Amino acid sequence: MSRHTQSPVYLVALGAFALGMASYVTAGLIPMIETAFTVPVALAAQLVTAFTLAYGLGSPLFVAILPAHRQRGGLLFALGLFVLANAASALATDFTALLVFRAIAGIGAGVYLAMGIAASAVLSPPRQRGKAIAVIMGGMASGTVLGVPLSLLLAERVGWASALWLVTALGGIALVGLVLRLPALPAAAVTPLKAKLALLRDGQIVVILLVSLLAAVASLGMYTFIAPLLSATDQGLTRTVTPYLWVWGVGGVLGSFLIGPLVDRFKGPVLTFWIMMILAISLFLLPVTASMGAWLVMLPIAAWGAVGWALQVPQNNELIKVREHQGDGNLAVALNESALYLGSAIGAALGGVLLLQQWSAVALASSAGVVAVLGVVVQWLNLRRTPGRCPIPSARPDNRCP
């Protein structure tokens, strides 16, 4: 990336860092909020639901209705909304108001990330788009892995609102920087809302979204149950899951950043196939290595985190590439983010149901691996019908998969 391109991309990544913090920090703040507002824990937990549902369901709608000639303004408005909603959350003295502000923050976050990825792709040369998207996804992963523990540490000393003030400050810095450094963005094609939503009839888009959904069900769904898995093995590995979550998160940060150059060199769908394959293998290895010892299980956990986060770089890059002539790549990215949040919710819900049915956590890991294998099969079928994209070199004249 040129210096002219780098500055806005890294500023978008700083905003994504704040977004990563906001997405996951509320779960850690629930005990403090429960005490501060005198509400039951079940009600306090709905703050997470409000943010994620608004993010996953609201952001595609708002991206779809954004005027085609207001791409730069829309990105800045979304980030500004996110910043203001987090500030209002920190100032809230009523739980209902806090719930509403978390939902507004979720909408702003979802719209901002989708438009930020699309804007960075537009500003970057075609052969460096993968690197630009990787920087942004790496920023979000870093916000989750590094930002959340730091903000919770601050909250324990100063109060729950301080964590949201930190999110507000980082988002505000990114906003000021983008106001000053983000150049004008080319207007997208003017397309009616009905026509925009018709992209769901695009077979390539549907396959990409389906693979993202299956990956989220397997990866993020299993993440919910990592603690019961580690405690269910013969080794009884740990009394605290924190070191393993750090390993998963650090793997995610490395995977997000390192995948960028590969996306610029290789076909995105082929990378997706191999990422899904590694994800499936890692999930199947979890119970096996967990039964062997605390250190060995960290290897598949690190690989799982790395590929789980890395997947969305080639996925988002491919969505933008497929829809760039229609001018609605930002909407496709928003739908992909929705697929991730929906998949995470489905995975957590199914896992909970299976545990109620007396399934073991070890069986959950194997089930997650089966879901990942299903994603591998879907991607393989997608590659078979796409010339020149076979994951294994083919001897056929048309280079299709055998």
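Laid out as a table, the results:
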| item | result |
| --- | --- |
| Single match in 275, 320 (criterion: surrounded by fewer than 24 Cβ atoms within 10 Å (Cβ to Cβ) and in contact with a Gly (Cβ under 9 Å, 6 or more places away or on another chain)) | 320 |
| Unmet criterion (only one of (1) β-branched (Val, Ile, Thr); (2) farther than 19 Å from residue 252 by Cβ; (3) in contact (Cβ under 8 Å) with a residue 40 or more places away in the chain) for residue 133 | (2) |
| Which numbered condition residue 283 misses (of (1) surrounded by 24 or more Cβ atoms within 10 Å (Cβ to Cβ); (2) under 18 Å from the mean Cα position of the chain (by Cα)) | (2) |
| Filter result for residue 48 (more than 30 Å from residue 184 (Cα to Cα), touching a Ser or Thr at 6+ places or on another chain (Cβ under 8 Å) and either at pLDDT 90 or above or in a helix (DSSP H, G or I) (or both)) | yes |
| Sole exception among (1) modelled with pLDDT under 85; (2) assigned to a helix (DSSP H, G or I); (3) of a type in the set (A, V, I, L, M) for residue 178, by number | (1) |
| Those residues of region 111-126 which are part of a helix (DSSP H, G or I) and of a type in the set (Gly, Ala, Ser), in sequence order | 114, 116, 118, 119, 120, 121 |
| Qualifying residue in region 110-123 (condition: surrounded by fewer than 24 Cβ atoms within 10 Å (Cβ to Cβ) and of a type in the set (Gly, Ala, Ser)) | no |
| Hey, residue 295 outside any helix (DSSP H, G or I) and not hydroxyl-bearing (Ser, Thr, Tyr) or not | yes |
| Single match in 56, 15, 80 (criterion: modelled with pLDDT of 85 or more, buried (at least 21 other Cβ atoms within 10 Å of the Cβ) and either among the β-branched types (Val, Ile, Thr) or part of a helix (DSSP H, G or I) (or both)) | 15 |
| Members of region 70-116 found to be within 20 Å of the chain's Cα centre (by Cα) and either of a type in the set (Ser, Thr, Tyr) or over 21 Å from residue 140 (Cα atoms) (or both), listed by number | 112 |
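One line per residue, one yes/no per condition, for (1) in the same structural domain as residue 244 (by TED's automatic domain parsing); (2) farther than 27 Å from residue 131 by Cα; (3) free of Cβ contacts under 8 Å to residues at least 60 places away in the same chain; (4) in contact with a strand residue (DSSP E or B) (Cβ under 8 Å, 6 or more places away or on another chain):
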position: 270; (1), (2), (3), (4): yes, no, no, no
position: 280; (1), (2), (3), (4): yes, no, no, no
position: 284; (1), (2), (3), (4): yes, yes, no, no
position: 287; (1), (2), (3), (4): yes, yes, no, no
position: 306; (1), (2), (3), (4): yes, no, yes, no
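The values are calculated or read from the model by the stated rules, or taken from the named source; none is laboratory data. Since the structure is predicted, the reported quantities are computational estimates derived from the model, not experimental observations. When we count neighbours, we look across all protein chains shown, and the Cβ atoms used for this are built from the backbone with ideal geometry, even at glycine.
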